[in-house]
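Trainee: Input: one structure, supplied below.
The values are calculated or read from the model by the stated rules, or taken from the named source; none is laboratory data. Note that the structure is predicted; figures quoted are calculated from it, not measured. Here the Cβ positions follow ideal geometry from the backbone for every residue, glycine too, while neighbour counts run over all protein chains shown. Note: areas computed on protein heavy atoms with side chains; ligands, DNA, RNA excluded. Shrake-Rupley method; radii C 1.70, N 1.55, O 1.52, S 1.80 Å.
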Amino acid sequence: MDDQKFSKTLSYHLRHAPHELGLQLQPGGWVEQSELLEALHSKGLPATLEDLKRVTQTSDKQRFALEGTRIRANQGHSTKVDLELQPQVPPDFLYHGTPQASLTSILQQGLLKGQRHHVHLSPDPATAVEVGKRRGQPVLLTIEAAEMHRQGHLFYCSENGVWLTDYVPPQFVAAPPPSS
Ligand code: HQG
């Protein structure tokens with residue numbers, strides 16, 4: 001299996017379906033590397049500790065973290081897990097890229113977390129545009145994060161620099177003017 005495919009398999013199991021491998025995530029989302037490797041073997045997916053280390057190091061978005069004998073996905077979970085993130089004060093503005101088709105709904109409802117545990121926000125416009133591009137022509141939204149925080153919304157920053165919050169009400173979302 002190539003690294004990209006292996007990375008997808010790891011994401012799937014560490015974020016969404018640990019139970020399919022008979023694994024249970026520890027607090028923080030951790031699993032023992034040895035247990036993960038054993039479980040992958042039993043599914044006919046032979047992987048080694050070296051593979052885990054390489055994919056963790058080379059993952060374009062630092063999706064995984066190794067700590068001692070354990071591994072976890074840094075964010076993006078849908079399975080129930082307490083990532084033990086501490087609330088943090090966000091920068092004045094954060095960014096969110098979304099396909100053009102979602103814009104009207106977002107300006108009405110705000111940003112919803114959907115299947116994920118949190119709404120994901122980027123620290124810079126370029127990253128947000130890349131995220132938005134995954135689904136079509138991207139629109140860059142600017143989020144008044146500091147103002148949200150002043151009004152009591154909690155923010156967390158994942159290990160790979162993605163900002164997380166529960167919900168972004170529409171009044172904190174600024175879209176570019178229609179002509180741009
Ligand atoms: C949209 C990837 C209509 C939201 C990326 C997004 C990121 C609404 C989609 C990470 C809406 C959810 C997260 C509303 C939100 N009406 N559409 N009210 N509220 N949406 O994938 O932020 O590859 O769950 O704009 O790089 O796109 O997984 O979230 O388009 O970091 O490592 O609903 O996923 O990283 O999509 O991406 P997602 P996202 P990984």
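Trainee: For the range 49-63 and the range 96-151, compute the distance between their C-alpha centroids and round to whole Å.
Mentor: Using only Cα atoms, the two centres lie 27 Å from each other.
Trainee: So, by mean Cβ neighbours within 10 angstrom, what's the order for 65-71, 41-47 with the highest one leading?
Mentor: Highest-to-lowest ranking by the protection proxy: 65-71, 41-47.
Trainee: Below 11 angstrom from the Cβ of ARG63, what's the summed charge of the other residues (Lys, Arg +1; Asp, Glu -1)?
Mentor: My count for the surroundings of ARG63 gives +2.
Trainee: Counting only protein heavy atoms, what percent of the accessible surface of the chain is carbon or sulfur at a 1.4 Å probe?
Mentor: Solvent-exposed carbon and sulfur of the chain make up 50 percent of the total.
Trainee: Using only helices, what value at 222 nm comes out for the chain when you add -39,500 (n - 2.57) per DSSP H run of length 4 or more and divide by the total residues, to the nearest 500 deg cm²/dmol?
Mentor: The per-residue figure over the chain is -8000 deg cm²/dmol.
Trainee: How far, in nm, would the chain grow between GLU50 and THR69 when pulled straight, counting 0.36 nm per residue and subtracting the alpha carbon separation?
Mentor: Gain on extension, GLU50 to THR69, equals 5.6 nm.
Trainee: Follow-up. Under 5 Å between amide hydrogens, which residues at least 5 positions from ALA47 or on another chain qualify, with H placed 1.01 Å from N in the peptide plane?
Mentor: Sorted by chain and number, the residues that satisfy this are HIS41.
Trainee: Gain in length, GLN57 to ALA174, computed as 0.36 nm per residue apart minus the alpha-carbon separation, to one decimal in nm?
Mentor: Taking 0.36 nm per residue and subtracting the Cα distance, the gain is 38.6 nm.
Trainee: Starting from the amide H of LEU154, placed 1.01 Å from N in the peptide plane, find each other amide H under 5 Å away whose residue is 5 or more places distant or on another chain.
Mentor: Here ASP166 satisfy the definition.
Trainee: Could you give the length gained by full extension between GLN26 and GLN86, i.e. 0.36 nm per residue of separation minus their alpha carbon distance, to one decimal place?
Mentor: 19.9 nm
Trainee: Could I ask something else about it? Keeping all protein chains in position, work out how much accessible area ASP124 exposes to a 1.4 Å probe, and write it in Å² to the nearest 10.
Mentor: Taking all protein chains as shown, ASP124 has close to 50 Å².
Trainee: Pairs of alpha-carbon atoms within less than 8 angstrom and 6+ residues apart define the contacts here; what relative contact order does the chain have, in percent?
Mentor: Dividing the mean separation by the residue count of the chain yields 21 percent.
Trainee: Give me the net charge for the shell around PRO99: Cβ to Cβ below 9 angstrom, other residues only, Lys and Arg +1, Asp and Glu -1.
Mentor: My count for the surroundings of PRO99 gives +3.
Trainee: Let me ask you something else. Ranking request for peptides 105-114, 72-81: highest mean number of other beta-carbon atoms within 10 Å first, then the rest in descending order.
Mentor: Those peptides, ordered most packed to least, come out 72-81, 105-114.
Trainee: If the limit is 20 Å between Cα atoms, which of LYS80/LYS113; LYS53/LYS80; LYS43/LYS80; LYS5/LYS61; LYS8/LYS53 go over it?
Mentor: The pairs that break the limit, which is 20 Å between Cα atoms, are LYS53/LYS80; LYS43/LYS80.
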